[in-house]
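Enquirer: Just dropping this structure here.
Computed from the coordinates by the stated procedures, all read-outs in this text should not be read as laboratory data. Here the structure is a predicted model, which is why all the values come from computation and not from measurement. Cβ placement follows ideal geometry from the backbone for every residue including glycine, while neighbour counts extend to all protein chains displayed.
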Amino acid sequence: MKFMLLIHQGTTPTPDQEAWNTVSEGEQKAVYADYQAVNKTPGVTPGMWLQPPEMATTVRVQDGQTLVTDGPFVAMKEALGGYLFFEADDLDAAIELAAKIPPARLGGGIEVRPIKEW
Amino acid sequence: MVDALDAVFREEWGRILAALIGFLGDFDLAEEAAQEAFAIAAERWGRDGIPANPRAWLVTTGRNRALNRLRRDRTLAEKTRLLQAAHASEVTVDETIFRDERLELLFTCCHPALAVESQVALTLRTLGGLSTTEIARAFLVTESTMAQRLVRAKRKIKAAGIPFRVPPAHLLPDRLAAVLAVVYLIFNEGYAGRGDLASEALRLGSALAELIPDEPEAHGLLAMMLLHDSRRQARFRDGELVLLADQDRSLWDAEEIAEGRAELDRALAVRGRGPYALQAVIAALHIDDPPDWARIAALYGELARRTGSPVVELNRAIAVAEAEGPEAGLAILGAVPLDDFHYLHATRGELLCRLGRTSEAHDAYEQALALVHDDTERRLLERRLASIGHS
């Protein structure tokens, strides 16, 4: 079956933030290496890189009027940071992969969503 | 006949359903098939007598019913991706080809991707064969809430791809802990007064100990449950809670105590020293007359270090008070961060009372009363409070 893994950065420092400089060089390298390993895992279709949630614009339509607001739909620290697709046998395999995605251990969380099959 | 079928239902439901889920790969379909098999049994067994192997008969019947249904309804078969099963031929299932898949079922029901209350409900429904009404009543929610909870859990198992299997070695410790926790939770509900749930937990616990005999904590949990349950009759007198020291020992179930001790030996034989085995040792020591409080206190100390649980620390304080006197117990209680827990204040009240500090004891019992929810516990506290009188 197919899963979408939604990567929520939470308080994870990312390279586009100043906080990234507080992360040790070793840890920075580990983050890159982990993402590389995740993306190379058989069954993974990597997602595209998203700009940070600060760059998001949220659009709503009320009574036919388009309302545009600055920022993500959910709170900034709950916003989606990235995603990938994963073809796997079952949820356990997806959970194992999710646990290897750096934000899972750095203050964020990975949401595992099964993709509907018809 | 009805009794015989009831007995088979209680004993075999979980195993039959597990086998059908294993074969059909679908909870709802398997549940319907199992129910149908029992309905047919009710009709046929009365007429033709009980088959030599009721379990195999029920699995075979359920399986063939489901296959017929799948053939009739191809779209359903496609949806549930069961075409393969639908092509299988009708067979008579015998003991040799049908494995016991209750363990797979238990691990599926207790998967951490399900909320704990769903894990508990699903375990009682699928392995225990309890009806939605019974489970709803036991957990004090409406039947529709419970029905919804079960439907949602089953839907998630299917949609999210929760596997029907015993987890591989690297996942086993965590997953087993979740299974044991669910069984213990069911037992605790039963211990708090709903006796049928306690029996259900014991049934699950002994199935678990039988299915994974090398796992010390499975024996540890079962031993602990048996040893606590052995005092069930003595814990209430005329609907009122009776504390350990005041219990009528002749009401303790000697057979259950023996079983519990035997199970504890099994846990220790496979080098069990986990939290459940430790609690079983402690429960066994409580049965001795008089209990070896110093040893109980030391074991609670080990358990507290292991679990970091303040409730365990509270229990240690009680044991220390028995072994070394109320002051030593009070000293430990002072550092237990459980201000919202009525047991803490009740214990403080009891120890202060023993020291003759009645006015402080009075206040402590008042605090406990303000926090207690359960009626029988409230009445016990009120009796204690009345017995020390006002200072």
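Enquirer: Pick from A:Thr14, A:Thr45, A:Thr57: which residue has the top mean-square fluctuation in a GNM of chain A where Cα pairs under 10 Å get a spring?
Expert: A:Thr57
Enquirer: What is the magnitude of the charge dipole of the stretch A:2-114 about its Cα centre, with +1 placed on the Cβ of each Lys and Arg, -1 on the Cβ of each Asp and Glu, and no other charges, expressed in debye to the nearest 20?
Expert: In total the dipole reaches around 80 debye.
Enquirer: Please give the FRET efficiency for B:Asp73 paired with A:Trp20, using the beta carbon to beta carbon distance and R0 = 35 Å, rounded to the nearest 0.05.
Expert: 0.05
Enquirer: How do B:His345, B:His170, B:His362 rank when sorted from fewest to most other Cβ atoms within 10 Å of their own Cβ?
Expert: B:His170, B:His362, B:His345
Enquirer: Need one number: nm distance between label points at B:Arg271 and B:Val311, each 7 Å from Cα along Cα→Cβ, rounded to one decimal.
Expert: Each label point lies 7 Å from its Cα, and together they span 3.0 nm.
Enquirer: Order by neighbour count: A:Met4, A:Met48, B:Met225, B:Met146, fewest other Cβ atoms within 10 Å first, most last.
Expert: Ascending number of Cβ neighbours within 10 Å: A:Met48, A:Met4, B:Met146, B:Met225.
Enquirer: How many angstrom lie between the Cα centre of the stretch B:140-186 and the Cα centre of the stretch B:278-322?
Expert: 31
Enquirer: Hey, what did chain B get for relative contact order, percent, Cα under 8 Å, at least 6 apart?
Expert: Reported as a whole number, the value is 9 percent.
Enquirer: Any chance you could tell me what percent of the C-alpha pair distances in the stretch A:2-114 go past 18 Å?
Expert: 54
Enquirer: For chain B, what does the helix formula give at 222 nm: sum of -39500 (n - 2.57) over DSSP H segments with n ≥ 4, over the residue count, nearest 500 deg cm²/dmol?
Expert: -23000 deg cm²/dmol
Enquirer: Does anything in the stretch A:1-32 have its amide N under 20 Å from the 7 Å Cα→Cβ label point of A:Arg113, and if so which residues?
Expert: Inside the label zone: A:1-11.
Enquirer: Let me ask something additional. Scan around A:Gly81 for amide H atoms under 5 Å from its own, H built in the peptide plane at 1.01 Å from N, and keep only partners 5 or more places away or cross-chain.
Expert: Close amide H contacts, sequence-distant or interchain: A:Ile7, A:His8, A:Gln9.
Enquirer: How far, in degrees from 0 to 90, does helix B:275-287 lean away from the longest principal axis of the Cα atoms of chain B, to the nearest 10?
Expert: Between helix and principal axis, roughly 60 degrees.
Enquirer: What lysines could a cross-link reach from A:Lys29, if we take a straight Cα to Cα line under 19 Å and drop same-chain neighbours fewer than 8 places away?
Expert: Cα-Cα hits under 19 Å: A:Lys40, A:Lys100.
Enquirer: How far apart, in nm, are two points set 7 Å out from the Cα along the Cα-to-Cβ line at B:Arg47 and at A:Gln62?
Expert: 6.8
Enquirer: Note the angle between two axes, namely the Cα long axis of helix B:27-48 and the longest principal axis of the Cα atoms of chain B, as a number of degrees from 0 to 90, rounded to the nearest 10.
Expert: On a 0 to 90 degree scale, this one is about 80.
Enquirer: Once every Cα of the stretch B:1-50 carries one equal point scatterer and solvent is ignored, give the base-10 log of I(q)/I(0) from the Debye formula at q = 0.20, 0.25 Å⁻¹, two decimals.
Expert: Log10 of I(q)/I(0), two decimals: -0.66, -0.90.
Enquirer: Measure nothing but the geometry: give the 0 to 90° angle between the long axis through the Cα atoms of B:2-24 and the longest principal axis through the Cα atoms of chain B, rounded to 10°.
Expert: Approximately 70 degrees, to the nearest 10.
Enquirer: Measuring from centroid to centroid over Cα atoms, what is the spacing of the stretch A:7-53 and the stretch B:36-58 in Å?
Expert: 60
Enquirer: Can you give the relative contact order of chain A as a percent, counting alpha carbon pairs under 8 Å and 6+ residues apart?
Expert: 49
Enquirer: If you don't mind, there's one more thing I want to ask. Taking 0.36 nm per intervening residue step and subtracting the Cα-Cα distance, what contour gain separates B:Leu243 from B:Ala169 on full extension?
Expert: So the extension gain works out to 22.4 nm.
Enquirer: As an exercise, identify the GluC sites (Glu not before Pro) in the stretch B:206-285 lying in DSSP coil whose Cβ has no more than 15 other Cβ atoms within 10 Å.
Expert: Passing both the DSSP loop test and the Cβ count: no residue.
Enquirer: How far apart, in nm, are two points set 7 Å out from the Cα along the Cα-to-Cβ line at A:Glu78 and at A:Lys40?
Expert: For A:Glu78 paired with A:Lys40, the spin-label model returns 3.7 nm.
Enquirer: Another question about this same structure. May I ask for the Rg/Rh ratio of the protein assembly as shown, computed from Cα atoms with Rh as the Kirkwood radius, given to two decimals?
Expert: Answer for the protein assembly as shown: 1.03.
Enquirer: In the calculated pair distance distribution of chain B, what percentage of Cα-Cα distances lie above 34 Å?
Expert: It works out to 38 percent of all Cα pairs.
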